[in-house]
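Scroll down for the structure; my scribbles are underneath it.
The values are calculated or read from the model by the stated rules, or taken from the named source; none is laboratory data. Note that this is a predicted model, so its numbers are computed, not measured. Cβ placement follows ideal geometry from the backbone for every residue including glycine, while neighbour counts extend to all protein chains displayed. Remember, those area values only see protein heavy atoms, side chains included, never the ligands or the DNA or RNA. Shrake-Rupley method; radii C 1.70, N 1.55, O 1.52, S 1.80 Å.
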Amino acid sequence: MLLLALDTATPAVTVALYETDGDRLLAASDQTDARRHGELLLPSVDRVLREAGRPLQEVDRIVVGTGPGPYTGLRVGLTTAQTFGAALGIPVLGLCTLDGIAYASGLESPFVVATDARRKEVYWARFADARTRVGDPAVDRPGELPPDVTAMPAVGAGARLYEEVFTGLRTDLPLDQSAAPLACLAAEKLAKGEEFPPPRPLYLRRPDARVPANYKVVTPR
């Protein structure tokens, strides 16, 4: 089975092709540019497929990071995954982006993953180990997080950005998402027959757009 994994929930535009039968990564691409997700994603998919020597038509599953992440970047990956799935008639599986970063850390004891949510906030979640998230992801100002969270070993660009708060920052571990470990995690879950969350975005924030309040209604005379 071929898994095509992609994620655009962090500044990274990341794609990987993974073969579950041989339990091996065939090709991967990681680029970091928070403003060019839409421009970089499809060329990255094409490059990964060409490097692996496999056509898109041979892909059996799409795995996509569902965030949490900023609206503009996150929707690029999810829309692309859904489009591929519809065109090929194959399942699209969702995975929390923080879960992918946690899996890449390889840690076997409790820690926290934090990514940059902008607006002086972070997306974060606790993990018992690299494969086990404790509770749902959240978005908060770093200074408002419980002291027992900020003192834990911390992974991710959000923790690096506020290292004065995340005192357990692990600078030797991944900052942003990478589709390669995301694909490996998906392969493990498939082999165990585990369920996947739907490929729906985890925005965790209300939209910026609002219906104006107390606006003046102008009607023709």
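Can you name the condition, by its number, that Gly53 falls short on among (1) of a type in the set (Gly, Ala, Ser); (2) open to solvent by 40 Å² or more (accessible area, probe 1.4 Å); (3) within 19 Å of Val92 (Cβ to Cβ)?
Status for Gly53: all satisfied but (3).
As an exercise: evaluate Asp176 against (1) of a type in the set (Asp, Glu); (2) at pLDDT below 95; (3) over 22 Å from Leu74 (Cα atoms) and give the number of the one condition it does not meet.
Condition (3) is where Asp176 drops out.
Answer with yes or no whether Ala186 is open to solvent by less than 40 Å² (accessible area, probe 1.4 Å) and within 28 Å of Tyr18 (Cα to Cα). Step through it out loud before you land on a result.
On the way: open to solvent by less than 40 Å² (accessible area, probe 1.4 Å): yes; within 28 Å of Tyr18 (Cα to Cα): yes.
Yes; evaluated as a whole, the condition is true for this residue.
If you check every pair at least six apart or on different chains, which have Cβ atoms under 8 Å apart with a residue in region 141-165 that is without any contact (Cβ under 8 Å) to a residue 60 or more places away in the chain first and a residue that is in a helix (DSSP H, G or I) and among the hydroxyl-bearing types (Ser, Thr, Tyr) second?
Pro142/Thr150; Val155/Ser105; Val165/Thr150
Any residue in region 46-60 that is modelled with pLDDT of 95 or more and touching a Pro at 6+ places or on another chain (Cβ under 9 Å)? Before you say what the answer is, go through the steps one by one.
Our first condition is that a residue be modelled with pLDDT of 95 or more; within region 46-60, this holds for 46-60.
From what's left, touching a Pro at 6+ places or on another chain (Cβ under 9 Å): 49, 60.
Yes, region 46-60 has at least one match.
Residue check: is Ala87 surrounded by fewer than 20 Cβ atoms within 10 Å (Cβ to Cβ) and either out of contact with any helix residue (DSSP H, G or I) (no Cβ under 8 Å at 6 or more places or on another chain) or in contact (Cβ under 8 Å) with a residue 60 or more places away in the chain (or both)? Before you say what the answer is, go through the steps one by one.
Numbers: surrounded by fewer than 20 Cβ atoms within 10 Å (Cβ to Cβ): yes; either out of contact with any helix residue (DSSP H, G or I) (no Cβ under 8 Å at 6 or more places or on another chain) or in contact (Cβ under 8 Å) with a residue 60 or more places away in the chain (or both): yes.
So Ala87 passes the test.
Search region 23-45 for residues being among the aliphatic types (A, V, I, L, M) and either in contact with an Asp or Glu (Cβ under 6 Å, 6 or more places away or on another chain) or modelled with pLDDT of 95 or more (or both), and hand back the single one that is farthest from Val139 (Cα to Cα). It would help to see each step written out before you state the result.
Step one: of region 23-45, the residues among the aliphatic types (A, V, I, L, M) are 25-28, 34, 40-42, 45.
With either in contact with an Asp or Glu (Cβ under 6 Å, 6 or more places away or on another chain) or modelled with pLDDT of 95 or more (or both) added as a condition, the list becomes 25-28, 40-42, 45.
On the way: Leu25: 32, Leu26: 34, Ala27: 33, Ala28: 29, Leu40: 27, Leu41: 26, Leu42: 29, Val45: 30 Å.
Once the filter is applied, the top-ranked residue is Leu26.
Among the listed residues Thr150, Thr167, Thr132, identify the single one that is crowded, with 20+ Cβ neighbours inside 10 Å and farther than 27 Å from Val13 by Cβ. Write out each step before concluding.
Details: Thr167 fails: crowded, with 20+ Cβ neighbours inside 10 Å; Thr132 fails: crowded, with 20+ Cβ neighbours inside 10 Å.
Matching residue, one of Thr150, Thr167, Thr132: Thr150.
This table checks each residue for (1) modelled with pLDDT under 95; (2) outside any helix (DSSP H, G or I).
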| position | (1), (2) |
| --- | --- |
| Ala128 | no, yes |
| Val134 | no, yes |
| Val149 | no, no |
| Asp172 | no, yes |
| Ala183 | no, no |
| Pro197 | yes, yes |
| Tyr203 | yes, yes |
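Taking region 101-113 as the search range and keeping residues that are in contact with a strand residue (DSSP E or B) (Cβ under 6 Å, 6 or more places away or on another chain) and open to solvent by less than 60 Å² (accessible area, probe 1.4 Å), which one is farthest from His37 (Cα to Cα)?
Step one: of region 101-113, the residues in contact with a strand residue (DSSP E or B) (Cβ under 6 Å, 6 or more places away or on another chain) are 101-102, 105, 108, 110-113.
With open to solvent by less than 60 Å² (accessible area, probe 1.4 Å) added as a condition, the list becomes 101-102, 105, 111-113.
Values: Ile101: 18, Ala102: 22, Ser105: 24, Phe111: 29, Val112: 26, Val113: 22 Å.
Among them, the one singled out is Phe111.
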